[in-house]
Every structure is written in structure tokens, then in C-alpha cells.
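Q: Mind having a look at this structure? Questions to follow.
The values are calculated or read from the model by the stated rules, or taken from the named source; none is laboratory data. Predicted model only: the values in this text are computed from it and were never measured. Positions of Cβ are backbone-derived with ideal geometry, glycine not excepted, and every protein chain shown enters the neighbour counts. Ligands, DNA and RNA are stripped out before the accessible areas are found, and what is left, the full protein with its side chains, is counted by its heavy atoms. Shrake-Rupley method; radii C 1.70, N 1.55, O 1.52, S 1.80 Å.
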Amino acid sequence: MAASHHDKPTIVIGAGIAGIAAAIRLAVKGYKVEVFEANSYPGGKLNEFVNSGFRFDAGPSLFTMPQYVDELFRLAGKNPTDYFRYEKLDSICHYFYEDGTRLTAWADSAKLADEIALKTRDTRESVMRFLNKSRDIYDITHHVFLEKSLHRLDSYLNKQTLRSVLRFGEIDAFRTMNEANEKHFHDDKTRRFFNRYATYNGSNPYKAPATLNIIPHLEQHFGAYFPEGGMHAITDSLVKLAKDLGVRFYFNSKVEEILYERGQVTGVNVAGDVVRASYVISNMDVWFTYRKLLKGIKLPERVLKQERSSSALIFYWGIRGIFKELDLHNIFFSEDYEKEFRTIWKHKTIDEDPTVYLNISSKYCQADAPEGSENWFVMVNVPANVGQDWDRLIAEARLNIIKKLSRILKQDIGSLIVVEKVLDPREIESSTSSYQGSLYGTSSNGRFAAFLRHPNFIDSVKGLYFVGGSVHPGGGIPLALLSAKIIDDNF
Ligand code: FAD
């Protein structure tokens, strides 16, 4: 690091989780870091709100790979547990099928295999073989695809990467996830169970390469966790760390332009004020960074044209009553999974029988709901926002979801709702500047999606970097945190 870089600050645009992580990493290296955030609060999608005694995490609810959060505290020479604690889930998710089958996804692989063998027509051995294959895909790919820039030659010039390249045939990139899972499992319930992992990054299992079968390994091997105080504790604790390291946050401060001269970044324009900087790190969705902040730049059309990941429709419901059969994470499967995905991806609308995800943080954090009540976060996957009639779709989906949950739980759910708030793709788009309200940037529906995601830098503007779910290595908290780690190598 050149000493002169201390004079001018390094600017981070956006206090999403990747922006905060990048700020922490540079502050640790001695840079003076300033974060400009358009909203009045940090966290972006990783936000929370309280309504009539119910606390809700607004966005992400599944926490995996906590090591990437811990790493930030360690880098700063702190003890992670002084800031942030979490517990490992024994049972990761409860699955409900319309025929009455209920299946628990245990964190322990052998137990999960036994459970699937008990509840479906598939065998314990076939599940174990599947999970071993999932681990192999991870072993081959993680080093190359997740932890390095795919866009720098030196990422490829080492033994580990070359070994991975030689094993490329084993990562199952030439058929879809569903093709692989249909071949491997006999029972449609097991197929749905494993196909659903495609939705962890907003993709379609009938289009995405079977390489995404890596995801069950991430969940099984590294586990799923619940942060003490809820998901928002991730944002809170990292903001605290950043502030302890001297990072300055400016809220209600929308960056309007990234300034550059002769191929070198020079600063940003925030509400009419020019702030000079040696480095600028954009945590804004890369699609909007190009369209709104980078004037006069040549657009990387191929990258910006990539299909976006799916979005979400969420009902936050305060529910009067306690449901013993429900867990922290619950899934109520649609009957025709393929049709549901066709409806989302081809017809760009919501299926009349959607798979419903129900998260109840008060199962682990009682204070999140008043006594005798639960805070239900009810989400369905929906297409990215291309101008659908959302008000109509929301009204229809609400009825279908209540009917489905009432049918399976054998209780009239509608009459138990005492508090309600709705989040739809339009608001996800406007409140976090995510193009089309997609949750995870671009989708992974093509074989080459990993290579077509925008890099973490551009050659035409030196000193400008990109982090967050819309750029390499992709969306979701762990990968957003990894994007900050990848750019860290440049400082
Ligand atoms: P974002 O959270 O998108 O934040 C970007 C920030 O930049 C925002 O605060 C925005 O206001 C700010 N900004 C943008 N433009 C400007 C500007 N010009 N000036 C100043 N500030 C600006 N991930 C998981 O791991 N597990 C899950 O269970 C999960 N579920 C999800 C459910 C939902 C409903 C949603 C919405 C997302 C979910 N995700 C999940 C995805 C995860 O939330 C994201 O991948 C991750 O939080 C993205 O972080 P980010 O750093 O890219 O930025």
C-alpha cells in the first residue's frame, strides 16, 4: 500500500453485507474508509423491522458458512464471540408434502439418509452416494469458482486450479440439476427435496447445471446456523466492528456518480458534493452501477443482459398461536414442481400452487414474538420484476398460500393473522437498488453463468472495484462476503 493512499479516503458505495465486509478488510489494512449508504440504515437486504411486538428479519433467513463472518473479526485481531454468536441447527428444515408426508432434514448426513429412506422410496445408500458426489463437486470447484477472481490469469496458474480443470468432467456441468436428480432418485419427493437447492441462489433446477448439486454439501457439511438475536445480528455486529476500526458511515447519502479521469477513479458525487477518493468500491447492483453511476463508460452488454435470479414475495405475519410441528425453517412443497418453475421462469408469474417457505425465528428467539404467538416469515419464489401486475398477483398468492398452509396444518391460518406486512419485487428493487428486485444478482441457469457474472474490477477504470451479490462469485451472504475477500487481494 502506498502511503499517499492514506490521504484520500477509500469510498464504499452501499452498506450491504459485502460493502461492510470490504470496509472492514480495508480498515484492517490501514485505509481510511468511508461508506455512503442511500438508506437510513445499514445491511441492505439484511435488515429487520418490528411491528406490534413482533420482530422480523426482512430478508435472508438461512445462515450458512459462518466462518466467513468470523474471519472478519479475526482479521481485525478480535475475538468473534465478543461480537457475534450463533448456534448450529440440529434439524435444518422441516418439509411438508400434500400427501401428509413430513420429512426432517437433519444436519447429520447419516440421519438425513435414514430419514429419506424411511419417508420415500429411495434408499439410504443412494442418499449417501449423492452427498459424496456433492462433496466431490465442492472439492473440485470451490478453490477456483468461489475463492478467486475468475478474471485474472494468475488465478489459473497454480497446481490446485490445474488439477481442478483436469477434473472438470466430474462437476456435472453438462446436464441440468433435475436431469441428474431424476436419474439418481426414484421418488419424486426426494427429487423435489434436492432440486430445491437451486433456489438457494435464485435459479431454476430444470435449467441450472447439475454443478449446483454442490449446495447440499455446503448445507450438510458446513451446517446451518441461527445467529443469537436473529439474522440482523450479522449486520449489527459487523457494523460495530467496522466502526471500532474507524470506518465512517454516512446514511441517507445516495451516490449519484462515480468520477474518473483518464482511466483512473477520482471520487464520487454524493447529493451534489464531490468526495475525492483513491479507491471506490461499489456494493450497488452492478447493473445499476453502470446505468446510473458510470457516465460515458462502454457497457459490458453481454454481462448486463444475463438473466436475473428470481425474486420473492414475502408476507410477514404475526400469528396468534404456537405450532409445535413447525421448526425454524419449513417448506411446504407444491405438487407439480416442474410446472411451478415453468410458471415462474417462462410465464413470469406466480403458480397457483406455490412452494411455501415459512421461517419462524421466535422458535429460537422467543423475544421475537409476544407470548403465545409466533412471527411467521412466509415467502414464495417469484419471477424478477418485469412490470407484472403485482397487486393482483399478491392478492391471489395470499389466498393460495393461506389455503395451502391451512390444508396441510389443518387449521384456519387466515384467522390467526394479527399483524401483516408485505414485501414484493418492486420494493426489493427500490429499497436496495437491485435490478428487477432479484435476490441474488444474475441467475445460474446456464452452464457458463459463473463466467458471465461481472468481475470484481474493470480494466477501463483503475481503482474501481465491485462487491456484492450481483458480481462474482454470486449472491447469498457467504458469496457476497467472499467477493470482499477477493478484492482484498488487490490492496
Ligand atoms: P445489498 O443487501 O443488496 O445492499 C446493497 C446496499 O447498497 C443497499 O443498502 C443499498 O441501499 C445500497 N446502495 C445501492 N446503491 C447505492 C447508491 N447509489 N448510493 C448509496 N448506497 C447505495 N441470502 C442468504 O445467504 N440466505 C438466505 O436465506 C437469503 N434469503 C434471502 C431472502 C430475501 C427476501 C432477500 C431479499 C435476499 C435473500 N438472500 C439470502 C440474499 C442476500 O440477502 C443477499 O445476497 C445479500 O444480502 C446481498 O448483499 P449485498 O452486499 O450484495 O448488498
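Q: Sort out which residues of the stretch 199-215 are open to solvent by less than 10 Å² (accessible area, probe 1.4 Å), within 15 Å of the ligand (Cβ to nearest atom) and within 16 Å of R135 (Cα to Cα), and write them in order of number.
A: none
Q: Among the numbered criteria (1) surrounded by 18 or more Cβ atoms within 10 Å (Cβ to Cβ); (2) farther than 27 Å from I428 by Cα, which one does T64 miss?
A: (2)
Q: Residues being among the polar types (S, T, N, Q) and more than 21 Å from I214 (Cβ to Cβ): count how many of those fall in the stretch 108-120.
A: The total comes to 1.
Q: Within 16 Å of the ligand (Cβ to nearest atom) and in a helix (DSSP H, G or I), is that true of L259?
A: no
Q: Right, here's the next one. Take R55 and tell me if it is free of Cβ contacts under 8 Å to residues at least 60 places away in the same chain and out of contact with any Ser or Thr (no Cβ under 6 Å at 6 or more places or on another chain).
A: no
Q: Moving on to the next point. Are any of the residues in the stretch 121-144 surrounded by 20 or more Cβ atoms within 10 Å (Cβ to Cβ) and farther than 19 Å from I215 by Cβ?
A: no
Q: I'm checking my understanding of the structure. Among residues of the stretch 459-472 that are in a loop (DSSP other than H, G, I, E, B) and more than 21 Å from the chain's Cα centre (by Cα), which one is farthest from the ligand (Cβ to nearest atom)?
A: Among those residues, the one meeting the criterion is D459.
Q: Only one of N385, N456, N400 is within 23 Å of F96 (Cβ to Cβ) and either of a type outside the set (D, E, K, R) or within 16 Å of the ligand (Cβ to nearest atom) (or both); which?
A: The match here is N400.
Q: Then there's this: Considering R426, R453, which residue is crowded, with 21+ Cβ neighbours inside 10 Å and either in contact (Cβ under 8 Å) with a residue 24 or more places away in the chain or within 20 Å of the chain's Cα centre (by Cα) (or both)?
A: The conditions single out R453.
Q: Still on this structure: Any idea which residue in the stretch 270-309 is surrounded by the most Cβ atoms within 10 Å (Cβ to Cβ), counting only those that are more than 10 Å from the ligand (Cβ to nearest atom) and small (G, A, S)?
A: Ranking the candidates gives A277 first.
Q: Quickly run through the stretch 430-442 and pick out the residues that are open to solvent by 30 Å² or more (accessible area, probe 1.4 Å), assigned to a helix (DSSP H, G or I) and within 10 Å of the ligand (Cβ to nearest atom).
A: Correct list: S430, S431, T432.
Results for (1) within 12 Å of the ligand (Cβ to nearest atom); (2) open to solvent by less than 40 Å² (accessible area, probe 1.4 Å); (3) among the charged types (D, E, K, R); (4) not assigned by TED's automatic domain parsing to the domain that holds M284, shown as yes or no for each residue.
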position: P42; (1), (2), (3), (4): yes, yes, no, no
position: S52; (1), (2), (3), (4): no, no, no, yes
position: R55; (1), (2), (3), (4): no, yes, yes, yes
position: A76; (1), (2), (3), (4): no, yes, no, no
position: N79; (1), (2), (3), (4): no, no, no, no
position: Y95; (1), (2), (3), (4): no, yes, no, yes
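Q: Also: Do we find that N375 is among the polar types (S, T, N, Q), within 14 Å of the ligand (Cβ to nearest atom) and either modelled with pLDDT of 95 or more or closer than 26 Å to G223 by Cα (or both) in this structure?
A: no
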